[in-house]
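Engineer: Please find one structure pasted underneath; my questions will follow.
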Amino acid sequence: MFTVEQRDALRDHVLQLARQDERVVAGAAVGSLALGGGDRYSDLDLTFAIADHVAVADVLDDWTRRLVDNLNAVHLVDLERGPTIYRVFLLPDLLQFDLSLTPAAQFRPAGPKFKLLFGATAAGDSPPSKSPAAGDLFGWGVIYALHARTCIERGRVWQAEHYAGAVRDHALSLACLREGVPAVQARGYDDLSAQTLARFDKAHVAGIQPAAIRAALAASVDSLLYEGAQAGLANVDALKQRLAALTRG
């Protein structure tokens, strides 16, 4: 496992690389470490603004070659969100580095965890951070519950287990919205109240047998319906009647 010193050394290395590259006009720390949070297990997240006359992909590919050749980094995955390209690397000792590059004209904080290190951000308001809509979370939870039951009946137990877990996760995300903690990527689950988490005690699939999956599905559906009602969503009562048949043996 990487040390804090290794993570700091990588941070300094990348910032030096950025300052020596004339195509880079600004840089910032993002994520849990940006404002002094995080811990010794936190990944490194850095973002940079690229001069508008330069192709972001060209800089990203140049830097990738350097990180691979000099630091033995492994390129894992890319993600494009609007004008920004995110590239995730894994370095020795399981140190994850998330690098993102954006054209300078659109370089702004995407959330509160942003600390400008050099240069300047673009003029204009930052895009508002978005939480998932309660109605969408509830609706997809119902859909996954239907899929789970179908897979149980077909004897596709591993697929059924997957969908039963998805119902639970959508109910947990609704609970996160209700309690005002992050509702994406399970980030707020551990910050939910003990009373809320107790409702999910039986929502974990205890085995791959149909009866075990059905029991976890029943508990997850109950939690989904509860959270839907707490969110004031329409048709929860009607869906409660229809979903009751899902979990009967």
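The values are calculated or read from the model by the stated rules, or taken from the named source; none is laboratory data. This is a predicted model, so every value here is computed, not measured. Ideal geometry is used to build each Cβ from the backbone, glycine not excepted, and the neighbour counts take in all protein chains shown. Each accessible area value is taken on the protein alone, full model and side chains, heavy atoms only, with ligands, DNA and RNA left out. Shrake-Rupley method; radii C 1.70, N 1.55, O 1.52, S 1.80 Å.
Engineer: For LEU116, only one of the following conditions fails: (1) hydrophobic (A, V, I, L, M, F, W, C); (2) part of a loop (DSSP other than H, G, I, E, B); (3) closer than 23 Å to ASP8 by Cβ. What is its number?
Structural biologist: For LEU116, the failing item is (2).
Engineer: Could I ask something else about it? Quick one: in the range 1-29, of everything that is among the polar types (S, T, N, Q) and in a loop (DSSP other than H, G, I, E, B), which residue is most open to solvent (accessible area, probe 1.4 Å)?
Structural biologist: GLN20
Engineer: Just need a number here: residues in the range 50-82 that are closer than 15 Å to LEU10 by Cβ, in a helix (DSSP H, G or I) and of a type in the set (Val, Ile, Thr).
Structural biologist: 2
Engineer: Given the conditions (1) on the phi > 0 side of the Ramachandran plot; (2) in contact (Cβ under 8 Å) with a residue 40 or more places away in the chain; (3) in contact with a helix residue (DSSP H, G or I) (Cβ under 7 Å, 6 or more places away or on another chain), which single one is not true for GLY31?
Structural biologist: (3)
Engineer: Restricting attention to the range 143-154, and to residues there that are touching a residue at least 40 places away in the same chain (Cβ under 8 Å) and of a type outside the set (Val, Ile, Thr), which single residue is most open to solvent (accessible area, probe 1.4 Å)?
Structural biologist: So, considering only residues that are touching a residue at least 40 places away in the same chain (Cβ under 8 Å) and of a type outside the set (Val, Ile, Thr), the one most open to solvent (accessible area, probe 1.4 Å) is LEU146.
Engineer: When you go through ASP52, ASP58, ASP43, ASP93 one by one, which is the residue that is touching an Asp or Glu at 6+ places or on another chain (Cβ under 8 Å) and either in contact (Cβ under 8 Å) with a residue 24 or more places away in the chain or more than 20 Å from LYS115 (Cβ to Cβ) (or both)?
Structural biologist: ASP43
Engineer: Can I ask one more? Do we have THR47 as open to solvent by less than 50 Å² (accessible area, probe 1.4 Å), in a helix (DSSP H, G or I) and closer than 17 Å to GLN96 by Cβ here?
Structural biologist: Criteria not met by THR47.
Engineer: Cβ-Cβ distance below 6 Å, separation of 6 or more or different chains: which pairs start in the range 223-243 with a residue that is over 14 Å from ALA171 (Cα atoms) and in a helix (DSSP H, G or I) and end on one that is modelled with pLDDT under 90 and of a type in the set (Ser, Thr, Tyr)?
Structural biologist: none
Engineer: Within the bounds of the range 114-137, is there any residue that is among the small types (Gly, Ala, Ser), open to solvent by less than 30 Å² (accessible area, probe 1.4 Å) and modelled with pLDDT of 95 or more?
Structural biologist: For the range 114-137, residues among the small types (Gly, Ala, Ser), open to solvent by less than 30 Å² (accessible area, probe 1.4 Å) and modelled with pLDDT of 95 or more: absent.
Engineer: Applying the selection to the range 174-215, what residues are without any contact (Cβ under 8 Å) to a residue 24 or more places away in the chain, within 25 Å of ALA134 (Cβ to Cβ) and not in a loop (DSSP other than H, G, I, E, B)?
Structural biologist: Selection gives CYS176, GLU179, TYR189, ASP190, ASP191, ALA194, GLN195, THR196, LEU197, ALA198.
Engineer: Do we find that GLN106 is touching a Pro at 6+ places or on another chain (Cβ under 9 Å) and open to solvent by 30 Å² or more (accessible area, probe 1.4 Å) in this structure?
Structural biologist: Answer is yes for this residue.
Engineer: Of the residues that sit in the range 64-103 and are among the polar types (S, T, N, Q) and within 22 Å of GLU22 (Cα to Cα), which one is most open to solvent (accessible area, probe 1.4 Å)?
Structural biologist: Out of the qualifying residues, it is ASN70.
Engineer: Looking at VAL157, VAL184, which is the one that is open to solvent by 50 Å² or more (accessible area, probe 1.4 Å), of a type outside the set (D, E, K, R) and touching a Pro at 6+ places or on another chain (Cβ under 7 Å)?
Structural biologist: It is VAL184.
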